[in-house]
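The values are calculated or read from the model by the stated rules, or taken from the named source; none is laboratory data. Fair warning: this is a prediction, and the values are worked out from it, not measured in the lab. All Cβ positions, even for glycine, are placed from backbone atoms using ideal geometry, and neighbour counts span all protein chains on display.
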Amino acid sequence: MPTLADIEDLNGALEAPFAAGVNAALGFMPYLLANDLQRRTPRVEITVSIQNALPNARRAFPAEGITRDVRWNFNVKLLAVTRPADALTIQDGENEDQFRARQNANFQLHEQMVAALRAYASSAAQNSWADQDNFPLHFIAERLREVNAAKRIKNEEGNHQTALTYSGILAVRESAWRGLESATAPATPQPVITEIDDSNGNPLVDSNGNELIGVR
């Protein structure tokens, strides 16, 4: 049974599934934490930011006399980073043609990665609807919308970066809410069955000799 904390773990509801999807699309696991300068290349970094709850999307819990948010806006940034061997500067003993060939190979790899990320993002929401393994309590309610694609070469780090940013809506499955209600519902009191005695403590019986009982 889910807990309320499980349902409210919105970042966790997106980060691990996005990581699994990117891993399936590119063949390697992305990073979920920022500012790690020791990361290998090529790589993908995923950053999820939960935004505001949708004001008209709430669910009533009559037993508790409250309502709860059920949908939230979010942004996800998929950062592709590549770097050719010996970074993006010409090396000792390397002529201009060799340097450009190495650069071009890196750029081609980079564009392939970005294309694979876009292809994954185009169906990530639809795939979440029936994906109970990666999205057991939540789903992405609408298709991801690309809001920005920032490309840059960072000469000081010797790498090539493209940040794809998408917006979406995260929703809680109705089955998760029902599971939460079942887990928190008060236990149904069981009837107490006792025999009916006379004033002297002897059990009373019916005409067939069966003891009479009372339920309360």
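Worth pointing out:
- Residue match in the stretch 176-191 (condition: under 28 Å from Arg71 (Cα atoms), modelled with pLDDT under 70 and surrounded by 11 or more Cβ atoms within 10 Å (Cβ to Cβ)): yes
- Exactly one residue among Leu180, Leu109, Leu117 is touching a Ser or Thr at 6+ places or on another chain (Cβ under 6 Å), in a helix (DSSP H, G or I) and of a type in the set (A, V, I, L, M), and that residue is Leu109.
- Residue under evaluation Tyr120, criteria (1) aromatic (Phe, Trp, Tyr); (2) modelled with pLDDT of 95 or more; (3) touching a Pro at 6+ places or on another chain (Cβ under 9 Å), criterion not met: (3)
- Arg83 meets all of the listed conditions (1) in contact with a Leu (Cβ under 6 Å, 6 or more places away or on another chain); (2) at pLDDT below 90; (3) basic (Lys, Arg) but one, namely (1).
- Answer from Gln98, Gln103, Gln132 - the residue that is polar (S, T, N, Q) and within 29 Å of Arg173 (Cα to Cα): Gln132
- Whichever residue in the stretch 38-64 is among the hydroxyl-bearing types (Ser, Thr, Tyr) and either closer than 17 Å to Lys77 by Cβ or at pLDDT 95 or above (or both) and, among such residues, is surrounded by the fewest Cβ atoms within 10 Å (Cβ to Cβ): Ser49
- Residue match in the stretch 94-110 (condition: in contact (Cβ under 8 Å) with a residue 60 or more places away in the chain and surrounded by 15 or more Cβ atoms within 10 Å (Cβ to Cβ)): yes
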